[in-house]
Amino acid sequence: MSLEISRRSFIKLSALATSAISVPSPITTLSDAGIKLGRITTTWIGLYTEPSFSANRRIKLFRDELITILSNIEADSPSHNPLWYKVAEGYIHSGHVQIVRWNPQPPLTVVPEQGALFEVSVPYTRSYERPDPQSRPLYRHYYEASAWITAVEKDDEGRLWYRLNDELLHTDYYARAEHFRWIRPEEITPISPEVSAHEKQLVVYLGEQVVRAFEGDQQVFETTISSGIPDSKPRDNGIPTITPSGRFYIDKKMPVRHMGDGHLTSDLEAYELPGIPWVSFFHETGVAFHGTYWHTDFGRPKSHGCVNMRNEDALWVYRWSTPEVSYDERIGVGYGTSVIVK
């Protein structure tokens with residue numbers, strides 16, 4: 001049975017996290033040694049004899065396989081993302097490889113009544129309908145994906161599970177507690193709060209596939225992104241995949257959001273993206289800046305309309321822009337930072 005506590009008590013009691021549960025893994029040794037690990041994020045990718053798609057493909061690597069990365073290679077192509085990885089048997093392109101760590105956490109024994117924000121700290125973890133690995137399996141939650149956790153429960157073996165609340169489906173499910181890291185208040189404090197809101201502006205350059213942030217005339221941030229696939233024909237939901245051009249403003253922000261078709265499923269190929277982190281909405285159709293864990297192929301359009309960003313970059317935008325979201329809120333609404341898409 002979980003305990004209901006205030007936010008202040010939660011912060012004080014977080015030091016009481018227990019390390020009773022651990023998951024032995026050879027990945028632990030690799031992570032501690034500082035060796036990079038990559039997770040394959042799509043159905044499959046090729047492993048090539050040279051850092052080139054025109055080289056001989058030796059084997060396929062499939063979704064969620066973990067592979068040790070020996071070094072980075074800057075190749076001649078593709079021009080938008082020439083980064084390749086050297087691995088034991090050849091080379092893989094970085095576009096669908098997420099750099100991950102195995103970093104299990106000492107579980108907290110209590111969370112606030114309203115819930116708290118966590119992120120996945122291992123390459124991936126399976127969620128279940130109940131705090132029981134024999135119950136119905138549901139989504140896999142991936143490294144650095146966010147989760148809103150509302151309770152801690154024990155199973156019959158004494159293992160701790162977190163209860164995740166899904167705001168899209170209005171339902172709860174469970175995952176192993178040691179696979180999530182509590183995000184502390186200081187990690188999401190506002191950036192440059194002394195700068196007036198009307199001085200801040202985000203500009204999305206679709207041709208360059210970059211976002212730049214400005215405080216007045218001074219540029220303070222830049223990153224490569226993946227905008228929407230340039231197709232203005234509406235999909236089944238009536239919304240085209242192209243990122244809309246024009247002048248907008250951020251009107252809603254959420255630290256975690258489930259996007260996709262909204263089906264409760266264990267199908268890894270389904271269009272379901274639970275736990276998208278650091279979401280800053282700026283268009284009535286739901287277009288937003290947000291973190292991305294299903295590809296790293298930034299520099300070309302790949303999304304269904306949103307502005308895909310590296311997780312750390314999406315967090316910067318989330319913290320820097322307005323409206324502000326307090327630590328214990330799941331959503332912040334207001335007339336916020338100006339956004340120009342061109």
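A quick yes/no check of all residues on (1) in contact (Cβ under 8 Å) with a residue 40 or more places away in the chain; (2) assigned to a loop (DSSP other than H, G, I, E, B):
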| position | (1), (2) |
| --- | --- |
| Ala55 | no, yes |
| Arg58 | no, no |
| Asp64 | yes, yes |
| Thr68 | no, no |
| Ile73 | no, no |
| Trp84 | no, no |
| Tyr91 | yes, no |
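Yes/no per residue for (1) within 30 Å of Ala175 (Cα to Cα); (2) surrounded by fewer than 20 Cβ atoms within 10 Å (Cβ to Cβ):
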| site | (1), (2) |
| --- | --- |
| Pro255 | yes, no |
| His263 | yes, yes |
| Val307 | yes, no |
| Pro323 | no, yes |
| Asp328 | yes, yes |
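Condition check: under 29 Å from Leu169 (Cβ atoms) and touching a Cys at 6+ places or on another chain (Cβ under 9 Å). Does Thr243 satisfy that? Criteria met by Thr243. Scan region 265-280 for residues that are in contact with a Pro (Cβ under 6 Å, 6 or more places away or on another chain) and either free of Cβ contacts under 8 Å to residues at least 24 places away in the same chain or crowded, with 20+ Cβ neighbours inside 10 Å (or both) and jot them down. Selection gives nothing.
If you go through region 160-175 and keep only what is in a strand (DSSP E or B) and touching a Leu at 6+ places or on another chain (Cβ under 9 Å), you end up with Leu160, Tyr162, Asp166, Thr171, Asp172, Tyr173, Tyr174, Ala175. Pairs only if they're at least six apart or on different chains, beta carbon under 8 angstrom, first in region 309-332 and farther than 14 Å from Arg212 by Cα and modelled with pLDDT under 95, second among the polar types (S, T, N, Q) and surrounded by fewer than 16 Cβ atoms within 10 Å (Cβ to Cβ); list them, first residue then second. So the pair list comes out as Asp328/Gln114.
Which one is nearest to Val204 (Cα to Cα), of the residues in region 269-295 that are of a type in the set (S, T, N, Q) and in contact with a strand residue (DSSP E or B) (Cβ under 9 Å, 6 or more places away or on another chain)?
In this case the residue turns out to be Ser280.
You will find that of Glu157, Glu194, Glu144, Glu178, the residue that is outside any strand (DSSP E or B), more than 19 Å from the chain's Cα centre (by Cα) and closer than 22 Å to Trp102 by Cβ is Glu157 and no other. Pairs linking a residue in region 195-211 that is among the basic types (Lys, Arg) to a residue that is assigned to a loop (DSSP other than H, G, I, E, B), with Cβ atoms under 8 Å and 6 or more positions apart or on different chains, are Lys200/Ser192; Lys200/Ser321; Lys200/Thr322; Lys200/Thr337.
In region 286-305, which residue that is in a loop (DSSP other than H, G, I, E, B) and hydroxyl-bearing (Ser, Thr, Tyr) is surrounded by the most Cβ atoms within 10 Å (Cβ to Cβ)? Give the steps one after another, and end with the answer.
Step one: filter region 286-305 for residues in a loop (DSSP other than H, G, I, E, B), giving 286-287, 292-302, 304-305.
If we keep only those that are hydroxyl-bearing (Ser, Thr, Tyr) as well, we get 292-293, 296.
Numbers: Thr292: 26, Tyr293: 23, Thr296: 20.
Taking the candidates together, the pick is Thr292.
Evaluated against (1) touching a Phe, Trp or Tyr at 6+ places or on another chain (Cβ under 7 Å); (2) more than 29 Å from Arg140 (Cα to Cα), Gly260 falls short on exactly one condition, (2).
Residues in region 212-229 that are in a strand (DSSP E or B) and either without any contact (Cβ under 8 Å) to a residue 24 or more places away in the chain or not assigned by TED's automatic domain parsing to the domain that holds Glu329 (or both): Arg212, Phe214, Glu215, Gln218, Gln219, Glu222.
The values are calculated or read from the model by the stated rules, or taken from the named source; none is laboratory data. These numbers come from a predicted model, not from an experiment. Note: ideal-geometry Cβ built from the backbone for every residue, glycine included; neighbour counts use all protein chains shown.
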